[in-house]
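Trainee: First the structure, then my questions, so here it is.
The values are calculated or read from the model by the stated rules, or taken from the named source; none is laboratory data. The structure displayed is predicted, hence computed values, not measured ones. Methodologically, a virtual Cβ is constructed for each residue, glycine included, from the backbone with ideal geometry; neighbour enumeration extends over all protein chains shown. SASA here: full protein model, heavy atoms, side chains in, ligands and nucleic acids out. Shrake-Rupley method; radii C 1.70, N 1.55, O 1.52, S 1.80 Å.
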Amino acid sequence: MSLTVIILTYNEALHLERCIRSVQPAAARIIIVDSYSTDQTLEIARTLGAEVFQNPFTHQAQQFQWALDHIPITTDWVMRIDADEYIFPELAEELRQKLPILSPDVTGLFVKLRLIFMDKWIKRGYYPMVLLRIWRNGAGYIQQKWMDEHIRLRHGTTTMLDHDMADHNLNNLTWWTTKHNAYATREAIDRLNRENNFLGDQHNNEYRVGNKRKWYKSAYMHLPLFLRPFLYFFYRYILRGGFLEGKPGLIWHILQGFWYQFLVDAKIYQIRHLAKKTGKSIPQVLQEDFGINLPPSHNS
């Protein structure tokens, strides 16, 4: 097989073996880019035959692009997968069968992602999330966004794979809410940047090639703060049948579809309020009041 799989890690001992073993049947090379883990992550990676590199972490997009820019990759194809994700055996076999025979004009492959929460596949209201995760070597790069970054293609066409991969995090809710609190800050920065462009245009043509954008994501950004989390939750939980997924579905849709989105709006509101109250710019508020280290050319 001519496929390199890249996995970013930081203290992923709980998930990493599952992830690596799932891609081994399809991958010629597995690369770990680690942010100086303190648990057994590196030992697990090396024991399973993965190559380990380390680099200081800024955000996901920067770390992944560092891998593409600094690690020599000679395989025909590259795949991005998170440590708490894995591919099903059917997808591994599909990759073995299809990668060698795809038309040269096909440079990107879409994969359907199953979200498994509290050991339940949250099918209604969320599935499928369609992501470009596999691309021809040299044809892809990653958007340099603070949140919700995607692989983009420089050229070529795409096709959809038949089988799925899974996002199945095994940590508890305390871990989940702490992580999503941090995500909400990054998401607020990303959305404020859409309005104020203090980090540059990170969204230009972002969905032309490399992601299947759903109509509601575009509409969502134009809705008023605090109203849109309610509407989004109603859309997912009621209109798309999330209420049929039992208690795990209720918890997921409330936390990820409402609480998280509401928290993002609350942070946007507070950042704007502090900027108006103090006369600071939004980058200054982020730097001085939130402790966010923006790139040097954008922190004033």
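Trainee: Name the pairs whose Cβ atoms lie under 6 Å apart, with the first residue in the stretch 141-158 and surrounded by fewer than 17 Cβ atoms within 10 Å (Cβ to Cβ), the second in a loop (DSSP other than H, G, I, E, B), and 6 or more positions between them or separate chains?
Mentor: Hits for this filter: Arg154/Ala139; Gly156/Asp105; Gly156/Ala139; Thr157/Asp105.
Trainee: Within the bounds of the stretch 58-66, is there any residue that is over 14 Å from the mean Cα position of the chain (by Cα), closer than 20 Å to Ser22 by Cβ and not polar (S, T, N, Q)?
Mentor: Looking through the stretch 58-66, none of the residues is over 14 Å from the mean Cα position of the chain (by Cα), closer than 20 Å to Ser22 by Cβ and not polar (S, T, N, Q).
Trainee: If Ala26 meets every condition in (1) surrounded by 19 or more Cβ atoms within 10 Å (Cβ to Cβ); (2) out of contact with any Leu (no Cβ under 7 Å at 6 or more places or on another chain) apart from one, which number is that one?
Mentor: (2)
Trainee: Do we have any residue at all in the stretch 92-105 that's in contact with an Asp or Glu (Cβ under 9 Å, 6 or more places away or on another chain), closer than 30 Å to Arg240 by Cβ and not hydroxyl-bearing (Ser, Thr, Tyr)?
Mentor: yes
Trainee: Based on what the data block shows, is Tyr207 surrounded by 14 or more Cβ atoms within 10 Å (Cβ to Cβ), modelled with pLDDT under 95 and not acidic (Asp, Glu)?
Mentor: yes
Trainee: Among the residues of the stretch 17-62, write down those that are among the hydrophobic types (A, V, I, L, M, F, W, C) and under 22 Å from His163 (Cβ atoms).
Mentor: Within the stretch 17-62, Cys19, Ile20, Val23, Ala26, Ala27, Ala28, Ile30 qualify.
Trainee: Okay, next question. Among the residues of the stretch 266-300, which ones are surrounded by 15 or more Cβ atoms within 10 Å (Cβ to Cβ), charged (D, E, K, R) and outside any helix (DSSP H, G or I)?
Mentor: Lys280
Trainee: Report whether or not Ala26 is modelled with pLDDT of 95 or more and either within 24 Å of Lys145 (Cβ to Cβ) or in a loop (DSSP other than H, G, I, E, B) (or both).
Mentor: When the stated conditions are applied, Ala26 passes them.
Trainee: Go through (1) at pLDDT 95 or above; (2) of a type in the set (A, V, I, L, M, F, W, C); (3) surrounded by fewer than 16 Cβ atoms within 10 Å (Cβ to Cβ) for Leu263 and report which single condition fails.
Mentor: The one condition Leu263 does not meet is (3).
Trainee: Filter the stretch 1-20 for residues that are in a helix (DSSP H, G or I) and free of Cβ contacts under 8 Å to residues at least 60 places away in the same chain; which is least open to solvent (accessible area, probe 1.4 Å)?
Mentor: So, considering only residues that are in a helix (DSSP H, G or I) and free of Cβ contacts under 8 Å to residues at least 60 places away in the same chain, the one least open to solvent (accessible area, probe 1.4 Å) is Ile20.
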